[in-house]
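Take a look at the structure set out below.
The values are calculated or read from the model by the stated rules, or taken from the named source; none is laboratory data. Predicted model, so just to flag it, every value in this text is computed and none were measured. Glycine gets a Cβ as well: all are built from the backbone with ideal geometry, and neighbour counts include every protein chain shown.
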Amino acid sequence: MVRVRGDRDDVWSRGYLCPKGAALGQLHHDPDRLRAPLVRDGSDWREVSWPEAFQRCEELLHPVVAEHGIEAVTAYMGNPNVHSYSLSRYSGAVPALGGVTRIWSAGTVDQWPKNLVCAQLYGGAWSIPIPDVANTDLFVVMGANPHASNGSILAYPDLVGELDRIRARGGRVVVVDPRRTGTAERADEWLPIVPGTDAALLLAVVHVLDAEGLVDLGPLAGRVRGVDEVLEAARPYSPDSVAGWCGVSAERITALARQLGAAERPVVYGRIGLCTQEFGTLASWLVEVVNVLLGRLGAVGGALFPRPAIAPISSTARRRGPVRTGRWRTRVRGAPEVLGQAPLSCLAEEIDTPGDGQVRALVTIAGNPVLSAPDAGRLDAALAQLDAMISIDNYLNETTRHAHVILPGLSPLEQPHCDEAIWSFALRAVARWSPAVFDPGERPHEWEICLRLGAILGGMPADAVDVEALDDEWYLARAARHGVDGAAVESHHGNGPDRIVDVAFRTSAFGDGYGARPGGITLDEVRRHPHGLDLGPSSADLDDVLRTASGDIELAHPDILVDLDRLRARMAEPHPPLVLIGRRHVRSNNSWMHNVPALVRGRDRSTLLVHPTDAATHGIVDGARVRVTSAAGSVVAVAEISDEVRPGVVSLPHGFGHGVPGTRTRVAAERPGANANVLVPAGALDVPSGNASVNGVPVEVRPCHVP
Ligand SMILES: Nc1nc2c(c(=O)[nH]1)N[C@H]1C(S)=C(S)[C@@H](COP(=O)(O)OP(=O)(O)OC[C@H]3O[C@@H](n4cnc5c(=O)[nH]c(N)nc54)[C@H](O)[C@@H]3O)O[C@H]1N2
Ligand SMILES: Nc1nc2c(c(=O)[nH]1)N[C@H]1C(S)=C(S)[C@@H](COP(=O)(O)OP(=O)(O)OC[C@H]3O[C@@H](n4cnc5c(=O)[nH]c(N)nc54)[C@H](O)[C@@H]3O)O[C@H]1N2
Ligand SMILES: [Mo]
């Protein structure tokens, strides 16, 4: 691989490429990237053949299941699952074929509050409206930094460039963030909010909208239940009453509400900073509330429900009816499940606490929870106690060093690609399928690895697994979830993801519906367009989206309103003197791209940002090592004095903490950084959703004199 560049003829990206995309060649050639399975004996790793690796999985897993039952086995699914050609369609086969019922994922350190709120308001956990940035004239960005992330649960090529275009066409961009991010730098206004206080600020916005007669449901009138209850709930939260707590003046809050009321096409966008905080559900809910109260749902320049050209399984699997939580509880802490998952911070205690139902075997799939999960120190120690740990992963890193077997997938250039997830959050319905660049030879695709491992977990001897037969069954099950009888329709795509992809294209709003919509797309048709197929705007009618019990938007769900009591109690307390938030950088991707030389060049990006006032108070100088301590743990980081953060707030990015003994990521080890998640207490949660509150963690920072 000599060079990677954007495709100017691509119908969607128009050649826009992020630095990580441009570095795919280096990722592919990374000598540390695993190409063969590894088996661990003590602290020694051995490269083995694939049959031997699966044999070892059997030897490790079968005794655990025989002695303790399948309840002793669980899985953790990490972020790359979502965007991988194979894993997005097959990682579910591991728990499904294995009979594992409870799994963990990065979802509860990410967007779970949004899922919960959308399930309650709209009837679908993945029915998440996205801002129509191409047409808005007031874009209010809360807890998101597209300058680093290029948008999240919002797919848009060159989102940062769009911020400039919004302003160029006379619109406004307002950023609400404790840090003056690259996004804030490009905005008309930056509101430096105290972490975790967005719910109060938005309640005050609702208060002003109501008091000044700016509530206008517009076309949503008659489709929204609970408006009066919401307005009533917001009444005590005048801008004056919340300003001190939020750290934003009453004038600016009032002005924000008035701008929202006056703009023609305003939209509020909230993302991870609003989810991974103490009041994640309330804050995420209030983003929806404001958009609804202004009649912006489904409106041009407002918040749209996309209608993608590739049908996501989640939309077909939606059931009509109220959301119930707490159908089961975790063994140790008794944490209730929400949308089928319990907080990731419970995983460590489920492993290290003896007793009936103790987790003794773990499969990780494309995840690095030792760096990305809350209370990471305890999890790191707990993983070392497992009887069996199998990792499907491309690196020997902080997490997989605890595995007994590592099963590596292919590089992104050795497999086709066809994304499913991002199109559910894009403003245009685009279909694209990209071929593999390199032939992987005899090495298995991850879909084969997942099926084989799932079958072994389910009790089959490793050498008896018939992957093709299992895949035929998996295909039928997936097709059925799209409403297709896979046995009755012809498919010439063979085994693997492609025939599932074909079903998803054909059953989408733009698909041929197997003859029902002549001229509609199929995988074959999509493949004839190497630069992608742009099928027009992606926007669904409300009627096609809403799956609530009433059929309307249910704005005032009791489970959400009750959380206002917790907010009120918290508002009566003073803020801790210093709290920690995270940050992302455009050349980094959570924990796993720090081994690519082109991406880590330049200045150190793992520093602890400290405001000059706080630095003076605590005797901290720029470039010095400091000890950061929380209720959960303590790390040493390098301080960077900067007025980018508001006083009282320090920022340390997650995903660092490399170079621990037993890992094999040599480039990353040269710049290890500190593991921010060691500082996040297991109990730091947004209560209704169980999402981790990794932002707003109280900390102390002291000069570190120990070398
Ligand atoms: N403090 C703090 N913590 C956070 C966050 C935060 O903002 N602050 N963000 C959270 C969020 S949003 C997320 S999504 C999580 C991410 O955390 P995780 O979901 O655990 O994922 P990553 O840290 O990205 O690790 C990805 C793993 O997948 C492996 N991998 C990469 N590509 C492939 C592949 O193609 N196949 C296979 N099999 N493996 C692959 C990598 O080697 C790595 O081990 O972190 C969360 N943790
Ligand atoms: N380059 C790059 N791109 C990525 C990733 C990456 O690691 N690197 N990760 C990907 C993943 S998995 C995800 S989930 C997305 C996330 O994408 P984004 O949601 O855009 O995430 P961040 O860039 O972390 O921005 C979150 C912002 O929230 C702010 N914040 C923290 N606490 C609060 C608070 O209490 N209130 C408010 N209002 N703001 C707060 C932080 O200062 C930060 O600027 O990015 C994706 N894209
Ligand atoms: Mo994420």
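Quick look at the values:
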read-out	value
Lone unmet requirement of (1) of a type in the set (D, E); (2) over 28 Å from A155 (Cα atoms); (3) under 30 Å from the mean Cα position of the chain (by Cα) for D110	(2)
Neighbours by Cβ (under 7 Å, 6+ apart or cross-chain): first from the stretch 36-48, surrounded by 19 or more Cβ atoms within 10 Å (Cβ to Cβ); second of a type in the set (D, E)	L38/E47
Residue that is nearest to G301 (Cα to Cα) [pool: residues in the stretch 170-181 that are under 23 Å from the mean Cα position of the chain (by Cα) and more than 16 Å from ligand 1 (Cβ to nearest atom)]	V175
Filter result (within 12 Å of V140 (Cβ to Cβ), surrounded by 24 or more Cβ atoms within 10 Å (Cβ to Cβ) and not hydrophobic (A, V, I, L, M, F, W, C)) within the stretch 175-202	D177, D198
Pair list, Cβ under 9 Å, 6 or more apart: the stretch 242-262 residue of a type in the set (S, T, Y), other residue crowded, with 16+ Cβ neighbours inside 10 Å	S249/P239; S249/A243; T254/A204; T254/V205; T254/V208; T254/P239
Sole residue being without any contact (Cβ under 8 Å) to a residue 40 or more places away in the chain, touching a Leu at 6+ places or on another chain (Cβ under 8 Å) and more than 16 Å from ligand 3 (Cβ to nearest atom), chosen from V175, V140, V133	V175
Residue satisfying condition, being of a type outside the set (D, E), without any contact (Cβ under 8 Å) to a residue 60 or more places away in the chain and closer than 21 Å to D393 by Cβ, within set I365, I351	I351
Scan of the stretch 332-374 for residues that are in a loop (DSSP other than H, G, I, E, B), more than 11 Å from ligand 1 (Cβ to nearest atom) and within 16 Å of A682 (Cβ to Cβ), ordered by number	V332, R333, G334, A335, A342, P343, T353, V359
Candidate set from the stretch 582-617 (those that are closer than 20 Å to Y395 by Cβ and hydrophobic (A, V, I, L, M, F, W, C)); member that is surrounded by the fewest Cβ atoms within 10 Å (Cβ to Cβ)	A598
Of residues in the stretch 619-646 being touching an Asp or Glu at 6+ places or on another chain (Cβ under 6 Å) and closer than 26 Å to A682 by Cα, the one surrounded by the fewest Cβ atoms within 10 Å (Cβ to Cβ)	T629
Some residue of the stretch 441-448 being farther than 29 Å from A509 by Cα, out of contact with any helix residue (DSSP H, G or I) (no Cβ under 7 Å at 6 or more places or on another chain) and assigned to a helix (DSSP H, G or I)	no
Residue list for the stretch 271-284, filter: hydroxyl-bearing (S, T, Y), within 16 Å of ligand 3 (Cβ to nearest atom) and either within 19 Å of L555 (Cα to Cα) or in a helix (DSSP H, G or I) (or both)	S284
Subset of the stretch 110-154 (residues that are more than 9 Å from ligand 2 (Cβ to nearest atom) and either in a helix (DSSP H, G or I) or among the basic types (K, R) (or both))	W112, P113, K114, N115, L116, V117, C118, A119, Q120, L121, Y122
Residue list for the stretch 511-563, restricted to those being hydrophobic (A, V, I, L, M, F, W, C) and more than 28 Å from the chain's Cα centre (by Cα)	A516, I521
Qualifying position, being more than 16 Å from ligand 3 (Cβ to nearest atom), part of a strand (DSSP E or B), surrounded by 23 or more Cβ atoms within 10 Å (Cβ to Cβ) and not assigned by TED's automatic domain parsing to the domain that holds V694, among V205, V268, V287	V268
Odd one out for T108, checked against (1) over 30 Å from L542 (Cα atoms); (2) in contact with a Leu (Cβ under 9 Å, 6 or more places away or on another chain)	(1)
Listing of strands (runs of 3 or more DSSP E) fully contained in the stretch 1-98 that carry 2 or more residues being within 16 Å of ligand 2 (Cβ to nearest atom)	73-77
Residue check for S606: within 16 Å of ligand 3 (Cβ to nearest atom) and either hydroxyl-bearing (S, T, Y) or not assigned by TED's automatic domain parsing to the domain that holds A632 (or both)	no
The stretch 536-592 - residue that is part of a helix (DSSP H, G or I) and farther than 30 Å from V697 by Cβ and, of those, farthest from ligand 3 (Cβ to nearest atom)	D543
Pairs where the first residue, in the stretch 103-127, is in contact (Cβ under 8 Å) with a residue 12 or more places away in the chain and the second is of a type in the set (F, W, Y) and within 13 Å of ligand 1 (Cβ to nearest atom), C-beta under 6 Å, 6+ apart	W104/Y76
Number of positions in the stretch 400-437 that are within 16 Å of ligand 2 (Cβ to nearest atom), in contact with a Ser or Thr (Cβ under 9 Å, 6 or more places away or on another chain) and more than 17 Å from V503 (Cβ to Cβ)	3
The stretch 495-525: number of residues that are under 22 Å from S314 (Cα atoms) and part of a helix (DSSP H, G or I)	13
Options D375, D387: the member that is touching a Pro at 6+ places or on another chain (Cβ under 8 Å) and buried (at least 23 other Cβ atoms within 10 Å of the Cβ)	D375
Unique match (being of a type outside the set (S, T, Y) and without any contact (Cβ under 8 Å) to a residue 12 or more places away in the chain) among E185, E212, E232	E232
Condition check for V109: among the β-branched types (V, I, T), away from ligand 3 (no atom under 16 Å from the Cβ) and at negative phi	no
Boolean, A429 is in contact (Cβ under 8 Å) with a residue 12 or more places away in the chain and not in a loop (DSSP other than H, G, I, E, B)	yes
